[in-house]
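Please treat every number below as a calculation from the coordinates, not as lab data. Remember, predicted model here, so these are calculated numbers, not experimental data. Backbone-built Cβ (ideal geometry, glycine too); neighbour counts: all protein chains shown.
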Amino acid sequence: MTGIVVDRRYLDHTMGSYHIEGPQRLEALLRLVESADARAWRRIEPRPATEEELCRVHERSYVDFIKATAGREWTLLDPDTGACALTYETALFAAGGALAAADAVLDGRVRNAFALVRPPGHHAEPARAMGFCIFNNIAVTAAHLLAARGLRRILIVDFDVHHGNGTQAAFYERDDVLYVSTHQVPFYPGSGRATETGAGQGRGHTLNVPLFAGKGDGDFLFILRELVAPVAARYRPEFILVSAGFDIALEDPLGGMEVTAEGFGDLATELMKMADASAGGKLVFVLEGGYSLQALEAGVGEVLRRLGGGSGHRHTPPDILPTLRQEIEPSFEAARKHGFL
């Protein structure tokens, strides 16, 4: 059975009534979950992450700084990111929701899971909030699986339209996490070049796949099948975490990609195959971006359906842009250089 983390407490964080990363995103997903057959998923209760868990990724001074915003009406953290009186508590439950999902999968209570949490996390750096993100939910989860649950190799796949600079920074010099990111360029936050492949012990364990706008279902499916799956097969992860950004959707107001709901389902199916190949199926999706409420609801719904064992409807894959292989050749070359292809 597929586990799902969703909670009305994720509505409490707000950055103003007109901010695009607002409670309305979670309200759309609550409608989706509450309108579905309750027997389809097992609800997982989120918990607050502890300061010890956060400090595996974030500097103690930064955690204390965010904690000090509790109860304040408004604190500006970054030009596009702020905290209200309940942001700290909500962000603890966002990170803790991802932790609860991973623990439920690892303990065998569910086969896979989707943590529908906010605020998102993959831009949050060790000592900085940015890009709507407070704590790096997926990085905190990966660090927990390594430090507290005894795993040795984690694969993080990030398909948000923006590069996950915070996740990359957390593990850039480590080889127990392989971070793979597809993202639009040139675009915020400006990082994620194919030449950024890790340093020190982590050399070769960051794989960036920068993409020009206009990529659709078949393009992302090609990248997963032809690049990410072979790399994952060589790395042999024990657990796969997914930074699931639905801002690569066709309708998204911030992105320039063209993925459909069916395309998101296809991505989920491919990631399930990767998890089955080496990780005993252990797979957790964690919500990142996605700002068209209609596309977000449709995409998440299709991913949940696939995670639960549903099949796709497409008989033939969509056409691939003929320039795609040439465009992503630097990423193939980076993988070959470091022995993953």
Site residue 109, offset 7 angstrom along Cα→Cβ, radius 16 Å on amide nitrogen, limited to the range 1-21, gives 1-7
Longest the chain segment clear of chymotrypsin sites (Phe, Trp or Tyr not before Pro) sitting in DSSP loops (not H, G, I, E or B) with at most 13 other Cβ atoms within 10 Å runs 75-341
Given unit charges at Cβ for Lys, Arg (+) and Asp, Glu (-), the dipole magnitude of the chain about its Cα centre in debye, nearest 20, is 1000 debye
Reduced to Cα centres, the span from the range 260-316 to the range 109-163 in Å works out to 17 Å
Placing +1 on each Lys and Arg Cβ and -1 on each Asp and Glu Cβ in the range 110-217, then taking the dipole about the Cα centre, the residue among 165, 136, 213 whose Cα reaches farthest towards the positive end is 136
Fewest-first ordering of 288, 59, 73, 196 by Cβ atoms within 10 Å yields 73, 59, 196, 288
What the 10 Å binned alpha carbon P(r) of the range 99-230 shows, as percent of pairs per bin from 0, is 12, 40, 38, 9, 0
In the range 2-337, taking the dipole from +1 charges on Lys and Arg beta carbons and -1 charges on Asp and Glu beta carbons about the Cα centre, the listed residue (269, 146, 90) farthest towards the positive end is 146
Calculating Rg and Dmax of the Cα atoms in Å from this structure picks out, from [x] 18.2, 54; [y] 22.0, 89; [z] 20.8, 69, entry [x]
Final fewest-first order of 128, 109, 8 on the 10 Å Cβ neighbour count is 8, 109, 128
Computed about the Cα centre, the charge dipole of the range 247-315 from +1 Lys/Arg and -1 Asp/Glu charges at the Cβ has a magnitude in debye, to the nearest 20, of 380 debye
